[in-house]
Structures are given as structure tokens and as C-alpha cells.
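Engineer: Take a look at this one; I'll ask things after.
Please treat every number below as a calculation from the coordinates, not as lab data. Computed from a predicted structure; not experimentally measured. Cβ coordinates were reconstructed from backbone atoms using ideal geometry, including for glycine residues, and neighbour counts include every protein chain displayed.
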Number of protein chains: 2
Amino acid sequence: MEDKIKVAFQGEPGAYSEEAGYGYYDAMEMVPQESFEAVFEAVASGACESGLIPIENSLAGSIHHNYDLLLRHELHIVGEYLLRVRHCLISFPGVKQSEIKRVISQPQALGQCAGFLREMGVKTEPVYDTAGSVKMLKNSGERTTAAIASKRAAKIYEMQIIKESIEDNQENYTRFLALSKTPGTPEGEIKSSIVFTLKNIPGALFKALSVFALRDIDLTKIESRPLPGKSWEYLFYVDFIGAVGEETARRALDHLGEYALMVRVLGSYPIFRS
Amino acid sequence: MEDKIKVAFQGEPGAYSEEAGYGYYDAMEMVPQESFEAVFEAVASGACESGLIPIENSLAGSIHHNYDLLLRHELHIVGEYLLRVRHCLISFPGVKQSEIKRVISQPQALGQCAGFLREMGVKTEPVYDTAGSVKMLKNSGERTTAAIASKRAAKIYEMQIIKESIEDNQENYTRFLALSKTPGTPEGEIKSSIVFTLKNIPGALFKALSVFALRDIDLTKIESRPLPGKSWEYLFYVDFIGAVGEETARRALDHLGEYALMVRVLGSYPIFRS
């Protein structure tokens, strides 16, 4: 039985998005894309059945750009996945940690391992991408240089992992969303994601949140985002427990419509459990 | 009269943080630092009188890492500044746009100018930093390559701006915070920033926000952030109109203390007006 679905992701083979795909899907083929726009287009055109995008990181915050793409396209969120970002120190096979003189990786990854690298007493050099740094190392043939990237990147380029989880802050998680052209039919514990705009008048947000509180609907995320061109309007991202098809949630969203300038449901999907 | 204060910022000369410094301060010397940690340490140690850090970007979101540093250190927010991020296409003097075959910059900057670059029909190559890409270009001597960075980076390296504001989305703003060892004494229209944690029980956030709504205190930012290690606790970032020293705000924060596990005032400061 051939049952592999095609999943679009942004980045090179070995990117953390690809690693998330291997955790989230059962049987798939991960299809690299140059940009997040290309991920959305691949799913919208039917070239890929699914797309996987990062939406927030525990250290770096929400990725507004991907929220913008969710609003611009008609795709549905059908799932979520939480990836613990574990940076690995990667070298040619047989090289010892004490032989390493220089470490290359993407600036954010180098920053997240700054304490570890300081103790090693090595020079660092920023390059544009984590998986890309392993590719560069492989091509260079340098045995006294190491790269920082995912476990998967080491495997793809047949390199050695000297040490795993070298990040200073162990609380480094990225949340990914699975996208589809058609809405999901989630079962079990369900979460929903919506976006809405409010006029910036005192108490507007309080009224908007009352539609959930008055119905004992629990929120798992709330975030305001000023719309820079429109200094008196705000965009809000809200995730709540429950499916939009349920009576209580439906009534809450109807009620929200009385205050909001715009309400958009992005999708209802099973809550991620590790 | 010599009245220049020393201001710590993260990045190389020509970085957008430095540009923000020239907009925010009247007379200062901008002192580059390797990391955001180093910016905080420079201010805490007294090596610099002030520090300037980015806290959120209209496309990329809040920078949680800098909120973490605000919580770890005892510095005070004494001001804010909103920088419109304008990317420039930069080359050697005398080069025409039609002669450019290759463009280098930081991946995020290349992504934000993707439409413009596609129309130009050029190859792109990611490097680790925007200001750094101009430095690299200058050193390479290549006349058919251009870099993307701030206006200031072009000036510092005595290079030519072929075109200004080449970003696809004109709504690209970064909000910066000015930090000091001592609290400010703000006048005029004032904003305050606080951080608090709540137990994840239904209605907790609604109660927390009621302390502001019941006193007609207007919020300008709210953001929840799950604490990954503690899956039932949330951190909230809230900005509100008013100074924490005022009676109404003081009462609201007292009231908030009844629900919150922790409340920390980061500072009261004048609202930025362009």
C-alpha cells in the first residue's frame, strides 16, 4: 500500500521544519520550498496535500509573517506539533571535541549555544542556515571545524554528532501548524485558532474576552498586534479549547461578531500531546 | 558643553539598532555589543548610561529573549522608539541597477525584498548580517554585486544607495526600548510595561484584565506566552496607558496581585510619537 502524502516545508533538507514533519506525520514525503509563500502555494495548488509551518518559538515569539499568510490564503489548520529544538555539535566522523577550533552555524543557533561555545573556547562564524552549515562543512573537508544543526542534518550529510542538546536554554520549543485545503474532522481534545480585529476603544478587548469567559471557554493563547498603518486598530490571535462546530463555541463567535470588525476562523484541530 | 551619553546596542555599526539610536537620542555615542546579554551588562555595570534593544517587529513578532533578559536584570524601561525598517539596495559608487547580477544580505532582509529581487532577476546569497553584507561587499571589490542594509550602513562604508525602501511590505516597523539603571521620571502621555504570571485556570486571564477594565485603564499590548517547562503557567506581557505611580494604576496593580503569581513592573515612560 502506497499511502505517502506530500508535505511542503520551508528550508533545506535537515531543517528543523523537516524534523518536525518526521515527528508529526506517519508516512510522508517532505518537499522543500524556498519560502513560506511557496509552502502555501504548494498546498493551495494541490501540488502538496499538506504544509507544515512554524508559528511560534518559545524564545523568539510568534511569527507574524505566517499569520499574515494564513489570513491571505484560504487554507485550514488541521493539526499542531511542538518540537523541542535540540542543537547538535556536528563534525566529520572520528573527530574529537578537543580538536575543534571553529564552529559555524546560523547566528540565532550560535547565540542559543553561546555559553557552551564560550566554555569550548572556539571561534564562531555565522552562516545563513543551520542545515546549510553542515552542507558547507561537508564540502569544505575541514576536520577542525564543527557545525551546529539538527540531528537529522547530521544523518543526511553522514556526519558525526559530537554532542547533543548543547543549547544554553533547554526551554527551546517551536510550535508548528499543519495546513490543508480542506478543514479537518478532529476528534478527542480539540483546540481552535481564530484571528479578529477590534477598534482601539477602552474596554473593547475586555468585552471581546467576555464572550469566552461567560461561557467558561478556556483560552490557551492571546496576543495583540498593532496594525502599523492603522494605528487605531489591533489584530488579535486567540486559541481556545473546543471545536468551532460546537454549540457553545458557535454562540461565543456569534457574540464576538457584535464587537469585532472582522473574525476569521483558521481551524479546529486535535491538541498536541507529547 | 560635552553632554554625550554612551548607549549600548547589539550588532555592528550600521545595524538598524544603531539607526534607531540616532533617531531616539539627542547626543550620544553608540557602543556596539556582541549580544543582547552584553547590552544589559554594559548598562548594569555602568559602562554605558543607556541601552537600546528591539522588543518587537511588526512582521517577526515579540522578541521573548529580550523579555527574559528584562526579567533577569534589574534595569528600567525609560523610553520607546518605533523605527520604520527601510531596506536599501547598496553598491559601489557609480554602479547602475542594471549592472547588478547578485545581491547579498541577511536571509530575513532578502525575504522581505523577495518581490523586488525577483523583478530585478538577480541571484541572491544569504550572509549573516545586513550591515555585515555591506562590509563584505566593500572588501570584495565586486562591482556587479549589491547588498541590502540600512541607509546608515551605506554611509559608514561610503557606498552608494541605488534604491531606498525596496521591501515588499511597507508596514515593517521595529519597536525599541531604552533601558537605564534608574527609573525615568516621565512627563506628558505615559505608558507602562508589566509582566505577570497566572495559574492556567479557566477565567484567570479575564479576572486579571478586569483590574484594568474596571478602572478604565486602556491596554496597548497583551501577549500570552506559555512557560514550556511549566505547562500550566503562563507569562503575560501587558502595556497600559498611565504611570505606575498614579493612584489608579497603583490600585489596579494591587488588585492584579490578588490573582497573579508574580507581577513585575518593567517601567513607565513617555509614549512614542513620530
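Engineer: Only one of B:Ala27, B:Ala20, B:Ala60, B:Ala15 is surrounded by fewer than 17 Cβ atoms within 10 Å (Cβ to Cβ) and either closer than 15 Å to B:Gly267 by Cβ or among the hydrophobic types (A, V, I, L, M, F, W, C) (or both). Can you tell me which? Give the derivation first.
Structural biologist: Details: B:Ala20 fails: surrounded by fewer than 17 Cβ atoms within 10 Å (Cβ to Cβ); B:Ala60 fails: surrounded by fewer than 17 Cβ atoms within 10 Å (Cβ to Cβ); B:Ala15 fails: surrounded by fewer than 17 Cβ atoms within 10 Å (Cβ to Cβ).
None of the other options fit; the residue is B:Ala27.
Engineer: While we're here: Taking the stretch B:150-171, which residues are assigned to a strand (DSSP E or B) and charged (D, E, K, R)?
Structural biologist: Within the stretch B:150-171, the subset assigned to a strand (DSSP E or B) is B:160-164.
Listed by number, the residues that qualify are B:Lys163, B:Glu164.
Engineer: Can you confirm whether A:Ala154 is touching a residue at least 60 places away in the same chain (Cβ under 8 Å) and surrounded by 14 or more Cβ atoms within 10 Å (Cβ to Cβ)?
Structural biologist: Numbers: touching a residue at least 60 places away in the same chain (Cβ under 8 Å): yes; surrounded by 14 or more Cβ atoms within 10 Å (Cβ to Cβ): yes.
Yes, satisfied.
Engineer: Would you confirm whether or not the stretch B:254-266 contains a residue that is within 22 Å of B:Gly61 (Cα to Cα) and within 12 Å of chain A (Cβ to nearest Cβ)? It would help to see each step written out before you state the result.
Structural biologist: As a first pass, look at the stretch B:254-266 and keep what is within 22 Å of B:Gly61 (Cα to Cα): B:264-266.
Narrowing the set further to residues that are within 12 Å of chain A (Cβ to nearest Cβ) leaves none.
There is no residue in the stretch B:254-266 that is within 22 Å of B:Gly61 (Cα to Cα) and within 12 Å of chain A (Cβ to nearest Cβ).
Engineer: Further question: Going through the stretch A:46-80 one residue at a time, which ones are assigned to a strand (DSSP E or B), within 14 Å of another protein chain (Cβ to nearest Cβ) and closer than 21 Å to A:Ala243 by Cα?
Structural biologist: A:Ile55, A:Glu80
Engineer: Can you tell me how many residues within the stretch A:221-240 are over 24 Å from A:His73 (Cα atoms) and either in a loop (DSSP other than H, G, I, E, B) or in contact with a strand residue (DSSP E or B) (Cβ under 9 Å, 6 or more places away or on another chain) (or both)? Walk me through it before giving the result.
Structural biologist: From the stretch A:221-240, those over 24 Å from A:His73 (Cα atoms) are A:231-232; that's our starting set.
Right, trim to either in a loop (DSSP other than H, G, I, E, B) or in contact with a strand residue (DSSP E or B) (Cβ under 9 Å, 6 or more places away or on another chain) (or both) and you get A:232.
Final tally of qualifying residues: 1.
Engineer: Looking for whichever is free of Cβ contacts under 8 Å to residues at least 24 places away in the same chain and farther than 22 Å from A:Leu52 by Cβ here; the options are A:Arg118, A:Arg102, A:Arg143. Which one fits?
Structural biologist: Matching residue, one of A:Arg118, A:Arg102, A:Arg143: A:Arg118.
Engineer: Of (1) within 14 Å of chain A (Cβ to nearest Cβ); (2) without any contact (Cβ under 8 Å) to a residue 60 or more places away in the chain, B:Leu137 satisfies all except one. Which?
Structural biologist: So the condition that B:Leu137 fails would be (1).
Engineer: Follow-up question, since we're still on this one. Could you list all residues from the stretch A:239-274 that are farther than 26 Å from A:Asn200 by Cβ and touching a helix residue (DSSP H, G or I) at 6+ places or on another chain (Cβ under 6 Å)?
Structural biologist: If the condition is that a residue be farther than 26 Å from A:Asn200 by Cβ and touching a helix residue (DSSP H, G or I) at 6+ places or on another chain (Cβ under 6 Å), then A:Gly242 is the only one that fits.
Engineer: Does the stretch B:191-207 contain at least one residue that is facing chain A (nearest Cβ under 8 Å) and among the hydrophobic types (A, V, I, L, M, F, W, C)?
Structural biologist: yes
Engineer: Same structure again: Here is a list: B:Ser210, B:Ser274. Which entry is small (Gly, Ala, Ser), more than 22 Å from A:Ser62 (Cβ to Cβ), within 12 Å of chain A (Cβ to nearest Cβ) and assigned to a loop (DSSP other than H, G, I, E, B)?
Structural biologist: Residue meeting the stated conditions: B:Ser274.
Engineer: Related question: For the stretch A:100-134, which positions are surrounded by fewer than 18 Cβ atoms within 10 Å (Cβ to Cβ), more than 14 Å from chain B (Cβ to nearest Cβ) and within 24 Å of B:Glu125 (Cβ to Cβ)?
Structural biologist: Answer for the stretch A:100-134, where residues must be surrounded by fewer than 18 Cβ atoms within 10 Å (Cβ to Cβ), more than 14 Å from chain B (Cβ to nearest Cβ) and within 24 Å of B:Glu125 (Cβ to Cβ): just A:Arg102.
Engineer: Is it the case, given these coordinates, that A:Val43 is of a type in the set (Val, Ile, Thr), part of a helix (DSSP H, G or I), crowded, with 18+ Cβ neighbours inside 10 Å and within 14 Å of chain B (Cβ to nearest Cβ)?
Structural biologist: On the way: of a type in the set (Val, Ile, Thr): yes; part of a helix (DSSP H, G or I): yes; crowded, with 18+ Cβ neighbours inside 10 Å: yes; within 14 Å of chain B (Cβ to nearest Cβ): no.
Taking the combined requirement at face value, the residue does not satisfy it.
Engineer: Continuing with this model, one more query. Looking at the stretch A:172-184, is at least one residue more than 9 Å from chain B (Cβ to nearest Cβ), in contact with a helix residue (DSSP H, G or I) (Cβ under 8 Å, 6 or more places away or on another chain) and either in a loop (DSSP other than H, G, I, E, B) or surrounded by fewer than 17 Cβ atoms within 10 Å (Cβ to Cβ) (or both)?
Structural biologist: yes
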